[in-house]
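The values are calculated or read from the model by the stated rules, or taken from the named source; none is laboratory data. Just so it is clear, the structure is predicted and the values come from calculations on it, not from any experiment. We place every Cβ from the backbone using ideal geometry, glycine too, and count neighbours over all the protein chains shown.
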Amino acid sequence: MLQSIFKRQNLVYIGIIIILVIVLVVVFYIIKNSGKSQSANLSEIDKGLAPIRILQTTKDGKQQEVNFTKIGAEILTSSLISDKPLVEEIQNNTKNIGIDNIDLPPLPEKNINLLSTEELNENSIDNYLTNLYNVFRENSIQPNINQLSEDALSGKTQNIQSLLNKNKSLYLSLFIIEVPPDALQLHKAYIRIAQVQNSFLLILLNASSDPLKLDINNKLTVSLLKRLDLVIKQELQTLRQKYNLIYKKP
């Protein structure tokens, strides 16, 4: 009788041990794969910090960055101040001088922290705009393009690097805050602002070796930011009307 009880107890203990082992394996698997997923997400997000490239097609069909010493820079810069749609019009205006594409960095849209329908509530839009305002208040760089260009040409890049770090913090923060579906287009415009600023600052770091490219970079930056500002104003106006909001742009 005691032997039988003892055997049953052993079986219970063995069963508990097996269950614990299975639980530990499952937890380890989840943690391991969660880490991989986060790493993959960060990798995709980081790709959005690549610089903007102005490309031309060579005779053998390959695309390469434009050599501005061989291109009419004054023709290109005049096209950059157009008020017409973002990027497309610039490309149309510059094809006749050998520029085929303005390659913006990828926008990692699938990594935006988009709220599902089930997660939405009456405060979702208000919370989003408040969080967005706080992110820009803490990380906004508001670059002085002329002053930074002078610093870059004289080799003073310490402030530029500092702004790059701050802008990267802004960019990464935009993938953390929760975004209601109605604010998605607005949010993508703000991500684009961080990307354009990042590209501008990256090119500044090497400005002393290519002053002409710096001039093009400045005008392209101003043009893109101006057009993004129009998109943001339109999207904010839509949200104000739909949700009866009183809100100032960051």
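Worth a mention:
- Residue count, the range 193-242 (criterion: among the hydroxyl-bearing types (Ser, Thr, Tyr), at pLDDT 90 or above and surrounded by fewer than 18 Cβ atoms within 10 Å (Cβ to Cβ)): 1
- If the condition is being in contact (Cβ under 8 Å) with a residue 60 or more places away in the chain and either touching a Cys at 6+ places or on another chain (Cβ under 9 Å) or assigned to a loop (DSSP other than H, G, I, E, B) (or both), then the range 107-122 contributes Leu107, Pro108, Ile112, Asn113, Leu115, Leu120.
- Ser149 meets the conditions (1) surrounded by fewer than 16 Cβ atoms within 10 Å (Cβ to Cβ); (2) more than 17 Å from the chain's Cα centre (by Cα); (3) not basic (Lys, Arg) in every case but one. The failed one is (1).
- Helices (runs of 4 or more DSSP H) wholly inside the range 123-227 containing at least 1 residues that are within 30 Å of Gln241 (Cα to Cα) and not charged (D, E, K, R): 124-139, 158-173, 184-205
- Checking each residue in the range 103-146 for being over 16 Å from His187 (Cα atoms) and of a type in the set (Ser, Thr, Tyr) picks out only Thr117.
- Evaluation of Asp229 against (1) in contact with an Asp or Glu (Cβ under 6 Å, 6 or more places away or on another chain); (2) free of Cβ contacts under 8 Å to residues at least 24 places away in the same chain (one fails), failing number: (1)
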